[in-house]
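This report concerns only the one structure given below.
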Amino acid sequence: MLRRTTFREIKNSLGRYLAIFSIVALGVGFFSGLKITKSVMVNSADQYLKDTSFFDFRLLNSYGFEEEDVEFIASKENVRAADGAYFADIIILNQKGNEDVVKVHSLTEGVNDVVLKYGSMPEKADECVVDSNYMGKDMIGRKLVFSENNKEDDLEQFSFREYTITGIVQASNYVQFERGTTSLGNGRVGGFVYVLPEGFAMDYYTEIYVKLDSDQKLYSEDYDTFIDEIKEDWEGYCEETGKRRYDSIVAEANEELADAQKEFEDEKEDGEKELNDAYEELEEARAEIEDGKAQIEDAKKEIKKAENTLRDKEKELADAENEILENEKLLEDKKAEYEEAILNLENGKKTIEENRASLDSAKKKIADAENEFKKAQEQIDQLKLLGIYTDEEIAAMQAALDNQIALANLPAQKKKLSAGYAALEEAQKQLVLAQEQLETGKVELENGEKELADAKVQLEEGKLAIEDGWKEITENKKELSDKEKELADAEDELNEGYLSYEDGKKEFDEKIQDAESEIEDAKQEIADIELPDTYVLGRDTNIGYVCFESDSSIVDGVANVFPAFFFLVAALVCMTTMNRMVDEQRTQIGVLKALGYSDAKIMGKYLFYSGSAAISGCLVGYFGGNFIFPFVIWIAYGLMYHFGEMLYVFDLKLLIISLVGATLCSMGVTFFSLRSELKEVAAGLMRPKAPKAGKRVIFERIPFLWKRLSFLQKVSVRNIFRYKKRFFMMIIGISGCTALLITGYGIKDSVTGIAQQQFTKVQTFEMTLNLKDPVPDLSDKKVSEIMEVITENNGTAALALEKSMDLKANDKTKNISLVVACEPENLDEFVNIHTRKGDKIDYPGVGEVVITEKIADTLGLSVGDMVTITDDEQRTIEGKVSGIFENYIYNYVYVHPDTYRSFIDEPEYKSIYVNLDENCDVHEIAALLMTKENLTSVTVNMDTLERISNMMSCMNYIVYVIILCAGSLAFIVLFNLNNINITERIREIATIKVLGFHKRETASYVFRENTVLTAIGCGLGIVLGIWLHRFVMHEINIDLISFDVVIKISSIMISVILTFVFNFIVNRFMTGKLENINMAESLKSVD
Amino acid sequence: MGAFVEFENVGKIYHTGEVSIEALSNVNFEVEKGEFCVIVGASGAGKTTILNILGGMDCLTSGKVYLDDREISAYNKRQLTDYRRYDVGFVFQFYNLIQNLTALENVELAAQICKEPLDAKEVLKEVGLEDRMINFPAQLSGGEQQRVAIARALAKNPKILLCDEPTGALDYNTGKAVLKLLQDTCRNKGKTVIVITHNQALTAMADRVITVKNGTIQSMIKNEHITKVEDIEW
């Protein structure tokens, strides 16, 4: 019978029953759903990684590995599979003909399997399978072609220049969408490619992947301890392979050295022999030349002798010729004498003639002169006779004539003339004598002439003979000089030979010395060969593996906060509902008790009521939550990860916790409220419980305000404070709803905003260029082409060094990106370093560092603390924190170039930050820049922003889930409370209605409290939401990203508005219920 | 011009699921203005149904009801609400005061929605609760609460005062006092008062006694010998 009432009870108060059911379902669903999500994610990932034999260790060795190293590693304990692998980055041409960089791996056996999505696995060395994120199945059968712009070194790592795509795969090595970076092309890896090991043309493996014989769950502590325990051993193994590799390299080098040395010795010997031979040859040549010289000397002497003889003969001949010439001259003289004698003779004859003639003429003249003087005396005598002239004048004339006669001396002359005639006769006599002498001379002369002609002939003959002799000598001389010249040439040659011999010897010696020092160097080099750097990398170095953990932790972070809250609300709802029910059924309980039913049986009825609602709600919630939450979140994460199929997890413990929780909330509450009732006697129970007394509230003590309220408002105010339990529940429910909404939207704001914040508030530049070779400043020639492009586009640039380093402080270490600006004073334009409050932070001075908030938070640093920054070569920078700045992506630390210089080295600036005009096409310029010299990659911030935004878009799903939950929470709480409120106050409401209150008046009478409470709840919810959001954001801890813990005003507004909308909808729904209250019925009885 | 209150062949059938219960059938009566009318009958006779219909809280199935020449039975919901609001004053067996309002506020609550309300304090004074105005219902005795309820009904200045077993929850003396108050109200203010009771004794003080039995009017008697409340005993 009791059972029947129980079922009827449920049927009659289905709303209440459903309220318990649904709040428990929601609470449990939310709790278990979120709790299980991480397990589901981790389990699915775990299964996927198990199925694909995801590596446990990745061994790296700076010298690479050989086949025997792989065998050695494979032989170790716990190893399920180990395989050597190659990898290399290469530029390919994609379908559009653009260049992309892909990472090519070799397929490994038993570890790091790939999952074939389409097509088939490669069978030939020139076949490959490609990243499913990178290419679709339409690419199967086509060729993957390497770009011509690859460096030869890069191409040489491969056996082929193009590979046929046989399939599309997913790889456990790449569970996340991030494919990493590369030094080639644009710096970003577009996708991965797997080929058979034969597809590579490398001599040694670049890495070894190891799958251990352990199946601990990923991210589990078991796994971590397992790995921690054996990691040291493995480091030992890896070092051993390194040692082996080292030994073999050293041995090889030594062998090579020995060969080289032998070769050197041989060559040295050969060289020396050659040199000696050459020297001997030279010596021989020299002796020959000496001989030649002696011969020439002899010949010269002979010639000289011959010359002398010839010269003697010549002299003789010349003497003879002289004699002849003298004789000739003599003869000539004699002839001339003869001629002269003839001429003299002739002349003598002539002179005689002439003397005769002149003697004759002189005789005549003397005769003439005597005639004249006689005449002249006759004339003077005549004149004296005539007397015309004075005697004196005739005297004078006489005197003058006398004088002239005196002068003519005519008698002397006549004497002389007679002498002349005598001489002449003498001369004629002598002449006849000479003529006789002449005749004999003439015969003598004719004989001499004949003799001379003979001598002349003889001389001519001698002359000819001598000429021949000279000729012969000249010829000999010429021959000799030729020979001499030849000999001189030979000598020159010999000297040259000597010189070149010397040179050769010198060279040889030098070469020997060089070779010896080279060998020494080589020996030193061999001695200097260091043991290789070996690395044993665990799964924690795989981006996808690590990110998945932190990303799934986001869910866990949320799961840590919300479910507890939901449980609280569920408990409260159960409590008020059951309390109300017990209150309502007081009389009935009394009746049952009076009828003699035991307390236990009565208790059983109510416990069954609440328990069945709670347990069924719990089950529905558990399975619903376990299905929906992981499903939605898996889909969301599917945007970023591929982990194969999702595997649902059944967690009995969680179910038991949920069941116990739900049962305690419902049945426990029922038990306690019933127990106090059951203590009363039946009669007492059957009397109506006195209605809860009205009370003045504190508010009334402020008459100023109180008086202004209408009665209805007064009632509302009093009611609000009248039912404390309901008040708190309402406040908790509503504030919880608002808080959830704010948190949900806040998470979205915080997460989606970071990239935006980073690139609009902090790093305001448009792109980063990475240089191949460092430059000391932007005016350097190596960046002139780049700078030209930037300047043409009205851009500005800043040079910086970016370097990954470790920052240590307070015994903790964090990986950071060190930035050294070349010109710190110009960095403002590019990076806005400021505090969260917006105050500008100065670029750190020498010995100072500026760090991000995230670093400061993680390491517990504040301004003025000292930090140590270490690079991979253990060089350190120490500095004082001079500022902590707002930053969202990556952990930057800024230091002054002088600091870097003094602690480490001259900074090698390889990054250029570029600011561009707002209107220009950044990508176009980026593409243009890529063609320039000395540039390895261009990172456009806009792209990064987009990428991160995409990545974060899966957060939206989580936000929707939260909003949905918040909404259902608000509905259930409001509905339930209103339901209770109305049933509890049904008489009051009926009275109001009877009194003639209109529909709207009645509704507002009832619901005003709701609205006020909603308002109060909202207010509290905002505070709670901000706190909750902060808490959740703190729980979500991702290393490289610092969330902007901010909630937009609009998000708060939306949350508040949504809460009110929920309230309004519930109120609307409840108004109908009010309408149905039957005034007449309600007025009758108390129960 | 008929009587102040007039029931014409009123019938009322309740439908509960498949069961139909005829609560009233062919009810005819009238009450004159200013009369003190007692409707008496056993439990379940249908007297409350009559009151509900007259009070505009329930609809009838057939017939007509007039009050002050207006046909209430023809009113729609909205008009019924207005009717209750302006024309009817209710006094309930269990007072039905708003627990969260003081005595004065309870009266004012009703008064503030009327067109020509009486002064709440005045009315309370009249019902003898001058000193208890600022008390909450829980702080008042049953009789006091019922007097507050009457004051609340009166303050609306209604055309008619409907009282459903006003003494049902009260002890003898208190009940008497309340009845006295009602009678005085009727006499002094000329209000039409209809009291529903199962107590035959009360018929002695009424101007008109209507006896209901099994959903029909058994008798309607004009009482010529009105007894003072003080003299009635039960």
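The values are calculated or read from the model by the stated rules, or taken from the named source; none is laboratory data. Values in this document were obtained by computation on a predicted structure and should not be read as measured data. Positions of Cβ are backbone-derived with ideal geometry, glycine not excepted, and every protein chain shown enters the neighbour counts.
So, in the stretch A:474-516, of the ones that are touching a residue at least 12 places away in the same chain (Cβ under 8 Å) and of a type in the set (A, V, I, L, M, F, W, C), which residue ends up surrounded by the fewest Cβ atoms within 10 Å (Cβ to Cβ)?
This residue is A:I512.
Of the residues A:N832, A:N793, A:N815, only one is in contact with a Cys (Cβ under 8 Å, 6 or more places away or on another chain) and among the polar types (S, T, N, Q); which?
Details: A:N832 fails: in contact with a Cys (Cβ under 8 Å, 6 or more places away or on another chain); A:N815 fails: in contact with a Cys (Cβ under 8 Å, 6 or more places away or on another chain).
Checking each option against the conditions leaves just A:N793.
Going by the conditions given, is B:T102 without any contact (Cβ under 8 Å) to a residue 40 or more places away in the chain, within 30 Å of A:V715 (Cα to Cα) and facing chain A (nearest Cβ under 10 Å)? Walk me through it before giving the result.
Working: without any contact (Cβ under 8 Å) to a residue 40 or more places away in the chain: yes; within 30 Å of A:V715 (Cα to Cα): yes; facing chain A (nearest Cβ under 10 Å): yes.
Against the criterion (without any contact (Cβ under 8 Å) to a residue 40 or more places away in the chain, within 30 Å of A:V715 (Cα to Cα) and facing chain A (nearest Cβ under 10 Å)), B:T102 qualifies.
Within the set of pairs 6+ apart or on separate chains, which have a first residue in the stretch A:673-684 that is farther than 23 Å from A:V573 by Cβ and part of a helix (DSSP H, G or I), a second that is at pLDDT 80 or above and aromatic (F, W, Y), and C-beta atoms under 6 Å apart?
From the stretch A:673-684, no pairs qualify.
Looking at A:N94, A:N61, A:N149, which is the one that is in contact with a Cys (Cβ under 8 Å, 6 or more places away or on another chain) and at pLDDT below 85? Walk me through how you get there before you give the answer.
On the way: A:N94 fails: in contact with a Cys (Cβ under 8 Å, 6 or more places away or on another chain); A:N149 fails: in contact with a Cys (Cβ under 8 Å, 6 or more places away or on another chain).
It is A:N61.
Within the group B:L162, B:L170, which residue is among the hydrophobic types (A, V, I, L, M, F, W, C), over 19 Å from B:I226 (Cα atoms) and away from chain A (no Cβ under 14 Å)?
Details: B:L162 fails: away from chain A (no Cβ under 14 Å).
Result of the check over B:L162, B:L170: B:L170.
Starting from the stretch A:331-349, keep only residues that are touching a residue at least 24 places away in the same chain (Cβ under 8 Å), then list their pairs with residues that are surrounded by 13 or more Cβ atoms within 10 Å (Cβ to Cβ) and not in a helix (DSSP H, G or I) whose Cβ atoms are within a distance under 7 Å, requiring at least 6 positions of separation or different chains.
Once the first residue is touching a residue at least 24 places away in the same chain (Cβ under 8 Å) and sits in the stretch A:331-349, no partner that is surrounded by 13 or more Cβ atoms within 10 Å (Cβ to Cβ) and not in a helix (DSSP H, G or I) comes close enough.
Would the stretch A:737-745 turn up any residue that is within 59 Å of the chain's Cα centre (by Cα), at pLDDT below 85, surrounded by fewer than 23 Cβ atoms within 10 Å (Cβ to Cβ) and in the same structural domain as A:D1044 (by TED's automatic domain parsing)?
The answer is no; no qualifying residue exists.
Of all residues in the stretch B:208-234 being in a strand (DSSP E or B) and of a type in the set (D, E, K, R), which is surrounded by the most Cβ atoms within 10 Å (Cβ to Cβ)?
As a first pass, look at the stretch B:208-234 and keep what is in a strand (DSSP E or B): B:208-213, B:216-222.
Remaining after also requiring of a type in the set (D, E, K, R): B:208, B:213, B:222.
Working: B:R208: 19, B:K213: 14, B:K222: 11.
Restricting to residues being in a strand (DSSP E or B) and of a type in the set (D, E, K, R), the top hit is B:R208.
Would you call A:K124 outside any strand (DSSP E or B), out of contact with any His (no Cβ under 6 Å at 6 or more places or on another chain) and either surrounded by fewer than 16 Cβ atoms within 10 Å (Cβ to Cβ) or in the same structural domain as A:E156 (by TED's automatic domain parsing) (or both)? Show your work before the answer.
Numbers: outside any strand (DSSP E or B): yes; out of contact with any His (no Cβ under 6 Å at 6 or more places or on another chain): yes; either surrounded by fewer than 16 Cβ atoms within 10 Å (Cβ to Cβ) or in the same structural domain as A:E156 (by TED's automatic domain parsing) (or both): yes.
Yes; evaluated as a whole, the condition is true for this residue.
A:T1014 - would you say it is closer than 17 Å to A:N1067 by Cβ and either of a type in the set (V, I, T) or more than 14 Å from chain B (Cβ to nearest Cβ) (or both)? Full working, then the answer.
On the way: closer than 17 Å to A:N1067 by Cβ: yes; either of a type in the set (V, I, T) or more than 14 Å from chain B (Cβ to nearest Cβ) (or both): yes.
Criteria met by A:T1014.
Check off (1) over 29 Å from A:Y545 (Cα atoms); (2) out of contact with any helix residue (DSSP H, G or I) (no Cβ under 6 Å at 6 or more places or on another chain); (3) in contact (Cβ under 8 Å) with a residue 12 or more places away in the chain for A:I656 and give me the number that stays unchecked.
Checking A:I656 against (1) over 29 Å from A:Y545 (Cα atoms); (2) out of contact with any helix residue (DSSP H, G or I) (no Cβ under 6 Å at 6 or more places or on another chain); (3) in contact (Cβ under 8 Å) with a residue 12 or more places away in the chain, the one that fails is (3).
Can you find a residue in the stretch A:66-76 that is modelled with pLDDT of 85 or more, of a type in the set (S, T, N, Q) and not in a strand (DSSP E or B)?
yes
Step by step: first the residues of the stretch A:844-870, then only those that are buried (at least 22 other Cβ atoms within 10 Å of the Cβ) and either hydroxyl-bearing (S, T, Y) or within 17 Å of A:P897 (Cβ to Cβ) (or both), then the one that is nearest to the chain's Cα centre (by Cα). Which residue is that?
Only one residue tops the list, namely A:I869.
Collect the residues in the stretch B:118-156 that are more than 14 Å from chain A (Cβ to nearest Cβ) and of a type in the set (G, A, S), keeping them in residue-number order.
B:G128, B:G143
Could you run through the stretch B:102-120 and say how many residues are farther than 13 Å from B:R147 by Cα and outside any loop (DSSP other than H, G, I, E, B)?
The total comes to 5.
When you scan the stretch A:710-730, do you find a residue that is in a helix (DSSP H, G or I), in contact with a Gly (Cβ under 6 Å, 6 or more places away or on another chain), surrounded by 21 or more Cβ atoms within 10 Å (Cβ to Cβ) and away from chain B (no Cβ under 14 Å), even just one?
no
Name the residues in the stretch A:234-282 that are among the small types (G, A, S) and closer than 30 Å to A:F508 by Cβ, would you?
Looking only at the stretch A:234-282, we keep the residues that are among the small types (G, A, S), and these are A:236, A:242, A:248, A:251, A:253, A:258, A:260, A:271, A:278.
A:A253, A:A258, A:A260, A:G271, A:A278, listed by residue number.
Would you tally the residues in the stretch A:968-1001 being farther than 27 Å from A:S735 by Cβ and of a type outside the set (D, E)?
Within the stretch A:968-1001, residues that are farther than 27 Å from A:S735 by Cβ and of a type outside the set (D, E) number 13.
Would you say B:R78 is within 11 Å of chain A (Cβ to nearest Cβ), surrounded by 17 or more Cβ atoms within 10 Å (Cβ to Cβ) and either modelled with pLDDT under 85 or assigned to a helix (DSSP H, G or I) (or both)?
Numbers: within 11 Å of chain A (Cβ to nearest Cβ): yes; surrounded by 17 or more Cβ atoms within 10 Å (Cβ to Cβ): no; either modelled with pLDDT under 85 or assigned to a helix (DSSP H, G or I) (or both): yes.
So B:R78 does not fit the description; no.
Show me the strands (runs of 3 or more DSSP E) found entirely inside the stretch A:814-904 where at least 1 residues are under 25 Å from A:P774 (Cβ atoms) and free of Cβ contacts under 8 Å to residues at least 60 places away in the same chain. Show your work before the answer.
Details: elements: A:848-852, A:866-870, A:876-885, A:892-895.
Output list reads A:848-852, A:876-885.
Please go through the stretch B:145-201 and give me each residue that is among the hydroxyl-bearing types (S, T, Y) and in a helix (DSSP H, G or I), ordered by number.
B:Y172, B:T174, B:T185
For the stretch A:911-991, please list each of the helices (runs of 4 or more DSSP H) lying entirely inside it that holds at least 1 residues being of a type in the set (S, T, N, Q), crowded, with 20+ Cβ neighbours inside 10 Å and out of contact with any Pro (no Cβ under 7 Å at 6 or more places or on another chain). Explain how you work it out, then say what you get.
Details: elements: A:922-930, A:941-952, A:954-984.
Where helices (runs of 4 or more DSSP H) fall fully within the stretch A:911-991 and carry at least 1 residues being of a type in the set (S, T, N, Q), crowded, with 20+ Cβ neighbours inside 10 Å and out of contact with any Pro (no Cβ under 7 Å at 6 or more places or on another chain), they are A:941-952, A:954-984.
Would you list the strands (runs of 3 or more DSSP E) that sit entirely within the stretch B:1-55 and hold 2 or more residues that are among the polar types (S, T, N, Q)?
Numbers: elements: B:5-16, B:19-31, B:36-41.
Answer list for the stretch B:1-55: B:5-16, B:19-31.
Could you please find all residues in the stretch B:52-66 being within 14 Å of chain A (Cβ to nearest Cβ) and surrounded by fewer than 23 Cβ atoms within 10 Å (Cβ to Cβ)?
Here is the first cut: in the stretch B:52-66, the ones within 14 Å of chain A (Cβ to nearest Cβ) are B:52-60.
Listed by number, the residues that qualify are B:D58, B:C59.
Just to check your reading of the model, which residue among A:T1059, A:T1002, A:T1071 is within 11 Å of chain B (Cβ to nearest Cβ) and hydroxyl-bearing (S, T, Y)?
Values: A:T1059 fails: within 11 Å of chain B (Cβ to nearest Cβ); A:T1071 fails: within 11 Å of chain B (Cβ to nearest Cβ).
Selected residue: A:T1002, the only one of A:T1059, A:T1002, A:T1071 that is within 11 Å of chain B (Cβ to nearest Cβ) and hydroxyl-bearing (S, T, Y).
Does A:I615 qualify as being at pLDDT below 80 and of a type in the set (V, I, T)?
On the way: at pLDDT below 80: no; of a type in the set (V, I, T): yes.
Answer is no for this residue.
Given the conditions (1) loosely packed, with under 12 Cβ neighbours inside 10 Å; (2) in contact (Cβ under 8 Å) with a residue 40 or more places away in the chain, report the number of the one that A:D368 does not fulfil.
(2)
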